1. Taking the convex hull of the Cα atoms, report for region 10-141 its projected area averaged over all directions, in nm².
2. Take every Cα pair under 8 Å in region 65-327 that's 6+ residues apart, average their separations, divide by the length, and report that relative contact order as a whole percent.
3. Keeping all protein chains in position, work out how much accessible area His214 exposes to a 1.4 Å probe, and write it in Å² to the nearest 10.
4. Test of understanding: what is the full-extension gain from Tyr60 to Asn180, defined as 0.36 nm times their sequence separation minus their Cα-Cα distance?
5. Between Glu304 and Arg273, what is the label-to-label distance in nm when each label sits 7 Å out along the Cα-to-Cβ direction?
6. At 1.4 Å probe size, with the rest of the protein present, what percent of the exposed accessible area of region 65-327 is carbon and sulfur atoms?
7. Give me the distance in nm between label points sitting 7 Å out from Cα along the Cα-to-Cβ direction at Ser42 and Asp217, one decimal.
8. With only alpha-carbon pairs counted, each pair once and no self-pairs, how large is the Kirkwood hydrodynamic radius of region 3-60 in angstroms?
Amino acid sequence: MSRDIKSLEKRDLEAELLRLGEPKYRAGQIYAWLHRGARSFSEMTNLSHSLGGKLDEQFYITAPKALREQRSERDGTVKYLWGLRDGESVESVLMRYDHGNTVCISSQVGCRMGCAFCASALGGLVRNLEPSEMLDQVIFSAPPGERVSNIVLMGIGEPLDNFDNALKFLRIVTSEGGLNIGYRHISLSTCGLAERIDKLASYNLQLTLSVSLHAPDDETRSRIMPVNGVSPIAELMNACRRYFDVTGRRISFEYAMIGGVNDTEEHAKKLARLLSGGGWHLNLILLNPVAERGLAASTRKDTEKFVGILERGGINFTFRRRLGTDIDAACGQLRRKERIE
Ligand code: SAH
C-alpha cells in the first residue's frame with residue numbers, strides 16, 4: 001500500500017531511505033523538495049531515475065487543488081478552498097502584513113465542537129486532516145517567491161481534537177531542512193478542551209495558545225459552546241494557569257461580541273473580574289455573522305460600553321482588525337458556500 005510521504009518526520013524519512021539501501025542525506029534532499037511544493041518524484045532532479053521509481057511504488061505525494069481563490073481588493077488577503085485527495089475540501093487564508101505573510105490553516109474537515117456562532121460546525125466533523133494536509137496549506141498558500149513567516153491554526157476544525165496529527169505537523173513545519181518556522185511564530189487556537197491543554201503543556205512548546213472564551217460565566221458559555229459542559233470555565237482557567245506556569249507563554253483569549261448574548265455590562269464586569277491580574281491577553285472581535293446562525297454582531301453602542309468597562313478594569317486587550325471580510329474569510333464560510341452551491 002502506498003503511503004503519505006509528507007506526513008513523515010525527517011528522522012522517519014531517513015529510516016525509510018536507509019531501508020531502501022540509500023544514504024541518509026537523500027532524505028534531506030527529498031524533504032527539501034517536498035516542502036518546496038514538489039508534486040512528483042520525477043521533479044526531484046538530484047535523484048536518480050531508479051530511486052524515483054522505487055519511491056513512486058511505495059509513497060504518494062499529497063498536493064491539493066485550489067478549487068477557489070478569492071482575493072480581497074482591500075487588503076490583499078487571499079482565501080483558498082483546497083480540494084483534497086478524497087474529494088473533501090478545507091480552507092486556508094493568506095494574510096499579508098508589513099512584518100510578513102501569515103497563513104491561517106484548517107486542522108479538520110468540519111468540526112464536532114458545535115459552537116453556536118460558527119460556520120464550520122454546521123455539518124459536523126467529517127474527518128481529521130493528516131499532517132501533510134496541514135503542511136500543504138502552508139506550502140501552497142505562499143505567494144510565489146515569498147516565504148510564510150507565521151502560521152495560525154485557527155481555520156476549520158479543533159486542532160486539539162486532532163492532537164497527534166497537529167503535533168506531528170508542528171514538528172515537521174518547525175524542522176530544519178523543512179519550512180523551519182519557529183514555534184514563536186505559530187499560534188494554535190482551541191475552543192478550550194482543558195485536558196488537552198494540559199497534554200499540550202507537557203510538550204512545552206514555545207507557541208502561542210489562543211483560547212476561545214466568548215463568555216465570562218458558565219451559563220452564557222454553555223448556551224453558545226457545548227464544550228463548556230466538558231470543560232467549564234473554572235477548569236479551563238486552571239488549565240490555562242498551568243499552561244502558563246509550564247511554558248511561560250502568555251495565553252490569549254478570544255471573545256467575539258454577539259449582540260444580546262455575551263455583550264451586556266454585566267458580562268463585561270464578569271469578564272474583567274475573570275481576567276484581572278492573570279497576565280492574560282484578550283482579543284475582542286465583532287461576531288462575523290453566519291447566515292444560518294441567526295446571530296448578529298454587537299452594536300456600536302454596546303461595544304463602546306463593554307470596552308469602557310474593560311479599560312476601567314485594567315484589562316489588557318485589543319480590538320482585532322478584521323481582514324478579508326469582503327471575501328468570507330472567516331470561519332468556514334467558503335467551504336460552506338461551495339457545498340450549498
Ligand atoms: N476550534 C478552534 C479554532 C477554529 S475557530 C477554536 O475554537 O478556537 C477560530 C476562532 O474563530 C475561534 O476563536 C472561534 O471561536 C472564532 N469564530 C468562529 N466563528 C466565528 C464567527 N462567526 N465570528 C467570529 N469569530 C468566530
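The values are calculated or read from the model by the stated rules, or taken from the named source; none is laboratory data. Nothing here was measured: the structure is a model prediction, and the numbers come from that model. Cβ: placed from backbone, ideal geometry, glycine included. Neighbour counts: every protein chain shown. Accessible surface is based on the protein model in full, side chains and every heavy atom, while ligands, DNA and RNA are left aside. Shrake-Rupley method; radii C 1.70, N 1.55, O 1.52, S 1.80 Å.
1. Spelled out: convex hull of the Cα atoms, projected over all directions, averaged, 10.6 nm².
2. Numbers: 505 pairs, mean separation 40.3, N = 263.
With pairs under 8 Å counted, the relative contact order is 15 percent.
3. 10
4. Numbers: separation 120, 0.36 × 120 = 43.20 nm, distance 2.27 nm.
Separation in residues times 0.36 nm, less the Cα-Cα distance, equals 40.9 nm.
5. Once both label points are built, they end up 2.7 nm from each other.
6. On the way: 5220 of 11110 Å².
Of all accessible area on region 65-327, carbon and sulfur atoms account for 47 percent.
7. 6.7
8. Values: mean 1/r = 0.0894 Å⁻¹.
Averaging 1/r across every pair of different Cα atoms and inverting gives 11.2 Å.
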